[in-house]
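Step one of this worksheet: look at the structure below.
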Amino acid sequence: MDKMDAKMAFDLGNNFYGQGKLEEAISYYKKAVSLFNSSNNPRREADSLLGIGDSYISLNKPEEAQQYYNSSLDLYNAAEDLTGEGYALTGLGIVFERYKKYEEARDYYEKSIKKFQKAGDYKRAGMVSNLIANTFELQDAFEDAVMDYKRSLELFEKVKDREREARVKTAMRDIESKRYSIKSSKKEIAALLIYFVAIAVAEISVTYVNMEVGLALEAVILFALLIHSSLHESYNFSTLLRSMMALPIIRIIGLSIPLMQVNELYWFPVIAIPLFAASFTLIRAQKLTRKKIGLVLGNIPLQLTIALSGVILGFTEYLILKPQPLITSFSLETVLFGAVILTISTGFAEELLFRGIIQKNAENVFGKIFGLLYASVLFTALHVGWQSALDLAFVFGVAMFYGYTFQRTRSLLGVTLSHGISNSFLFLIMPFIFPAIAPFLATIF
């Protein structure tokens, strides 16, 4: 009898909820919770608790809703009900969204997406991804919003939900103009320009004035970025400042490591270690997904074409710098070995940080055009050590090319390989073959 009464109470709760009579719905759901508990039916008890949570959310009472969502989540978890867990986690995400704690909300939403996907409910996963995109829109983080809209679109396409596909496409069209016309405050723009100038001055000090003075400036910049990012209310601005903290950290660690007795080729992987550590920390702190930082293959023929640009770029930069080779002998084995080291420690490490993380964050602050520009000048500033104004102009052009390519493809594959090939030609190949081809080139030019 209790089972029949419990089901009747639950069904009445659903009916009242559907009619918008939320107080009555809560009353019947609570009665169902008690009856399902007495009849030892935790799965249906969890459904009733979820209904209470949904009702309180509809009444705009997130604190009460949070309590019931947590209780339902515990029961669903004990019953190993993935779909139920997904619903409860989604509810908790909505609760934190109501609190305007968007990062916590996204944590719950991401967990719910994993549950729904594991249960094979791709439609519901797509709907939750849409909720994530909405939270980014509320924070004017349009680049992140677009990426989650794309994820939800892929999920809706998977289940052939044409109506929701159309809605997502409309949302993406609506957001497109915003991506180019973000208006940052004058204070934010001024602060970011000051940070760029400070980083450039620190790099110039390290290279031309005094390394100790430069290190002191880097430490001051790091401290300023830390304090400023923790005090500023804007999500996008604070996130960009936190990602920029990697720049002085890398320089401080790099200059503090004694490398004089190490072969110059191995300097790059040693210095890349803090670079990777900084990137990994930022990825975890900002909860960036693999797709958001460009760790996808993309269009392979296009990515390989982009990669081949490294040959021209490496040849051109060699003409500017003419560095000594990083290997002692010119053979296939030594060149390939060196190329792998340079591709990982310069190509991948630098592109992951500057294009995958910093540029994305800068685009959320400045928009696509000026975000690309700002990330490029930061990248250029870290090349002052080559003591060549012409090379700085060249590096800036390359940074703009890589950044624009990343914007269009959202894949790091092509620019990483291009960067690695470019440095391989610069440091491993051209120093050996250029003296041999220089007389031939002279007859042409």
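Residues that are among the hydrophobic types (A, V, I, L, M, F, W, C) and at pLDDT 95 or above were ranked within region 60-79; the one that is farthest from Ala119 (Cα to Cα) is Ala65.
Please go through region 218-258 and give me each residue that is outside any helix (DSSP H, G or I) and under 15 Å from Ile194 (Cα atoms), ordered by number. Outline the logic, then answer.
Residues of region 218-258 that are outside any helix (DSSP H, G or I), as a first pass: 232-234, 245, 257-258.
Met245, the sole residue that qualifies.
Here region 18-43 is the region considered, the condition is being under 42 Å from the mean Cα position of the chain (by Cα) and of a type in the set (A, V, I, L, M), and the residue that is surrounded by the fewest Cβ atoms within 10 Å (Cβ to Cβ) is Leu22. Within region 137-161, residues that are assigned by TED's automatic domain parsing to the domain that holds Glu103 reach no partner that is among the small types (Gly, Ala, Ser) and surrounded by fewer than 17 Cβ atoms within 10 Å (Cβ to Cβ) with beta carbons closer than 6 Å at six or more positions or on different chains.
Checked against the criterion of being within 30 Å of the chain's Cα centre (by Cα), in contact (Cβ under 8 Å) with a residue 40 or more places away in the chain and under 30 Å from Phe142 (Cβ atoms), the candidates Phe379, Phe370, Phe366 yield just one match: Phe366.
Against the list (1) within 22 Å of Asn364 (Cβ to Cβ); (2) at pLDDT 95 or above; (3) among the hydrophobic types (A, V, I, L, M, F, W, C), the condition Leu226 fails is (2).
With respect to Leu373, is the statement that it is surrounded by fewer than 21 Cβ atoms within 10 Å (Cβ to Cβ) and either out of contact with any Leu (no Cβ under 6 Å at 6 or more places or on another chain) or aliphatic (A, V, I, L, M) (or both) true? Full working, then the answer.
Details: surrounded by fewer than 21 Cβ atoms within 10 Å (Cβ to Cβ): yes; either out of contact with any Leu (no Cβ under 6 Å at 6 or more places or on another chain) or aliphatic (A, V, I, L, M) (or both): yes.
So Leu373 fits the description; yes.
Any chance region 156-172 includes a residue that's surrounded by 15 or more Cβ atoms within 10 Å (Cβ to Cβ) and either more than 14 Å from Met127 (Cα to Cα) or in contact with a strand residue (DSSP E or B) (Cβ under 6 Å, 6 or more places away or on another chain) (or both)? Scanning region 156-172 turns up at least one residue that is surrounded by 15 or more Cβ atoms within 10 Å (Cβ to Cβ) and either more than 14 Å from Met127 (Cα to Cα) or in contact with a strand residue (DSSP E or B) (Cβ under 6 Å, 6 or more places away or on another chain) (or both). Every listed requirement among (1) among the aliphatic types (A, V, I, L, M); (2) farther than 30 Å from Phe366 by Cβ; (3) buried (at least 20 other Cβ atoms within 10 Å of the Cβ) is met by Ala105 save one, (2).
Mind counting the residues in region 266-303 that are closer than 25 Å to Glu218 by Cα and surrounded by 13 or more Cβ atoms within 10 Å (Cβ to Cβ)? So that I can check it myself, show each step before the final result.
Keep residues of region 266-303 that are closer than 25 Å to Glu218 by Cα, which gives 266-286.
In the following step, the residues that additionally are surrounded by 13 or more Cβ atoms within 10 Å (Cβ to Cβ) were identified as 266-279, 281-283, 286.
So the answer is 18.
The single condition from (1) without any contact (Cβ under 8 Å) to a residue 60 or more places away in the chain; (2) out of contact with any Phe, Trp or Tyr (no Cβ under 6 Å at 6 or more places or on another chain) that Val128 fails is (2). Looking across region 393-418, the residues that are surrounded by fewer than 17 Cβ atoms within 10 Å (Cβ to Cβ), more than 19 Å from the chain's Cα centre (by Cα) and without any contact (Cβ under 8 Å) to a residue 60 or more places away in the chain come down to Ala393, Gly397. Can you tell me which residue in region 44-85 is surrounded by the most Cβ atoms within 10 Å (Cβ to Cβ), limited to those that are among the charged types (D, E, K, R) and within 24 Å of Arg98 (Cα to Cα)? Among those residues, the one meeting the criterion is Glu85.
Pick out the one residue from Asn15, Asn40 that is over 24 Å from Glu104 (Cα atoms) and assigned to a helix (DSSP H, G or I).
Working: Asn40 fails: assigned to a helix (DSSP H, G or I).
Of Asn15, Asn40, the one residue that is over 24 Å from Glu104 (Cα atoms) and assigned to a helix (DSSP H, G or I) is Asn15.
Every test in (1) hydroxyl-bearing (Ser, Thr, Tyr); (2) touching a residue at least 24 places away in the same chain (Cβ under 8 Å); (3) farther than 20 Å from Gly294 by Cβ is passed by Tyr108 save one, and that test is (2).
The values are calculated or read from the model by the stated rules, or taken from the named source; none is laboratory data. These numbers were taken from a predicted model, which means no experiment stands behind them. Here Cβ is always computed from backbone atoms with ideal geometry, including for glycine, and neighbour counts include all displayed protein chains.
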